[in-house]
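Reviewing the structure listed below.
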Amino acid sequence: MALPPEMVAIVRSAVATGEYASISEVIRDALRDWTYKRSAHQQGIADLRQFWQEAMHDETLGVSADEVLDRLERK
C-alpha cells in the first residue's frame with residue numbers, strides 16, 4: 001500500500017514539527033479517528049432504521065405536508 005506524495009509530505013511534516021513522535025503514531029491516530037467516524041456513521045444508520053421502524057408501526061394520525069408547510073411559513 002502506498003500513500004500519495006501529498007499525504008506522505010503531510011505525515012513527514014507532522015513528525016518533523018514534533019506534532020507526532022513517529023510515522024506509526026500518525027497512522028495509529030488516523031486509524032483511531034477513522035474507526036470512530038465509521039462507528040458513529042454506522043450508529044447513525046442504525047438509529048435511522050430504528051426511527052423508521054417505529055414510524056412505520058405508529059398508528060397515530062400524522063400531519064399533512066400542507067400543514068407542515070403552513071407551520072413553517074408562519075414561523
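Looking at the stretch 63-75, which of its residues are exposed (fewer than 10 other Cβ atoms within 10 Å of the Cβ) and not aliphatic (A, V, I, L, M)?
If the condition is that a residue be exposed (fewer than 10 other Cβ atoms within 10 Å of the Cβ) and not aliphatic (A, V, I, L, M), then S64, D66, E73, R74, K75 are the ones that fit.
Answer with yes or no whether A55 is under 22 Å from the mean Cα position of the chain (by Cα) and part of a helix (DSSP H, G or I).
No, not satisfied.
Would the stretch 13-25 turn up any residue that is under 20 Å from the mean Cα position of the chain (by Cα) and without any contact (Cβ under 8 Å) to a residue 40 or more places away in the chain?
Taking every residue of the stretch 13-25 in turn, none turns out to be under 20 Å from the mean Cα position of the chain (by Cα) and without any contact (Cβ under 8 Å) to a residue 40 or more places away in the chain.
When you go through G62, G18, G44 one by one, which is the residue that is at pLDDT 95 or above and not in a helix (DSSP H, G or I)?
From the options G62, G18, G44, the qualifying one is G18.
The values are calculated or read from the model by the stated rules, or taken from the named source; none is laboratory data. Since the model is a prediction, treat every value here as computed from it, not as a measurement. Quick reminder, even Gly has a Cβ in these numbers, built from the backbone with ideal geometry, and neighbours come from all protein chains shown.
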